[in-house]
1. If contacts are Cα pairs under 8 angstrom and at least 6 residues apart, what is the relative contact order of region 130-206 in percent?
2. Å³ per residue of the Cα convex hull, for region 3-52?
3. Compute the projected area of the convex hull of the Cα atoms of the chain, averaged over all viewing directions, and report it in nm² to one decimal place.
4. Give the relative contact order (percent, whole number) for the chain; include only Cα pairs under 8 Å separated by 6+ residues.
5. From zero outward in steps of 5 Å, how is the percent of C-alpha pairs of region 67-166 spread across the bins?
6. Going 7 Å from the Cα of Leu170 in the Cα-to-Cβ direction, what parts of region 41-81 have a backbone nitrogen less than 18 Å from that spot?
7. Here is the link list: Lys103/Lys125; Lys103/Lys202; Lys103/Lys130; Lys65/Lys173; Lys65/Lys116; Lys125/Lys229. Which ones come out longer than 20 Å on Cα distance?
8. Where does region 119-205 land on the Kirkwood hydrodynamic radius, alpha-carbon pairs, in angstrom?
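Here, each number is a calculation from the coordinates, and none is a lab measurement. All values reported here derive from a predicted model rather than from experimental measurement. We place every Cβ from the backbone using ideal geometry, glycine too, and count neighbours over all the protein chains shown.
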Amino acid sequence: MKLVKLLANLGYGSRKEVQRLIRAGAVTDATGRSLSENEVPPHDQIRFRGEELDPPAPLVIMLNKPDGYTCSTEDPGDTIYDLLPPRFALRNPGLNPVGRLDKDTTGLILMTDDGKLLHKIIHPKSGCLKVYQVQLDRPLEGHEGELFSSGTLVLNSETRPLLPAKLQVLGEKEALVTLHEGRYHQVRRMFAAAGNHVLSLKRISIGGLRLPTDLEEGEWFELDADAQKSIFSEMIEDSAESSA
Ligand code: URA
């Protein structure tokens, strides 16, 4: 790929702006020598105003989503894109969230520009389990686990039953819920169907990938190849609660 296109695709500016920046000497190799438009050294050897370039596509990042941020730029207010460098919103291919979290749900969200990977993770058939930590308004009554695992629970205004989900009770008003799918407001609506109300919801894992305890809300990092593989290391087939 030509240097101008590479930088424009990474969001450093329009092609014209990037061309101007290259001509002004803002783009160098690792030794500080200005690059011409016709040179394209290896990605890790290119510097923009002395800084290493952002990672190339395909890129996968993990973000610890804070409360109050939406996952879509079409929604008003703060979005998860505001937590990333502004350049990231201008990348081509663009970064998309891998499934959405509600505005008031916190925790693990993946973002990628790799459409195939995105679909593989969110498709129930790929067996990528998502685990949510839930704080409830009222004490659990004891029937919720059976209801969620039944495979017959139909949410309000839907006709297709939910795939079986697993409930692990952590306390009187606290539990983990493991899902194979990601329907709209699913965990909140499941507890509403059980006569309870979710006070707070946090996603703590996707497949074999956990939210690191030291990743503060609003922080993110790039997933390396091993971390990406670990997403698929806990498939339904491996799970004692297999339901597929
Ligand atoms: N279930 C919900 O209710 N909300 C989320 O954000 C994710 C799962």
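1. On the way: 138 pairs, mean separation 35.4, N = 77.
This gives 46 percent for region 130-206.
2. Details: hull volume 3.1 nm³, N = 50.
That works out to 63 Å³ per residue.
3. On the way: hull surface 60.4 nm².
Directional mean of the projected Cα hull area for the chain stands at 15.1 nm².
4. Numbers: 448 pairs, mean separation 48.3, N = 244.
Rounded, it is 20 percent for the chain.
5. 2, 10, 15, 18, 19, 16, 10, 7, 3, 1
6. From region 41-81, the list is 64-67.
7. Details: Lys103/Lys125 26 Å; Lys103/Lys202 11 Å; Lys103/Lys130 18 Å; Lys65/Lys173 23 Å; Lys65/Lys116 23 Å; Lys125/Lys229 17 Å.
Exceeds cut-off: Lys103/Lys125; Lys65/Lys173; Lys65/Lys116.
8. Numbers: mean 1/r = 0.0767 Å⁻¹.
When all Cα pairs of region 119-205 are included, the Kirkwood radius is 13.0 Å.
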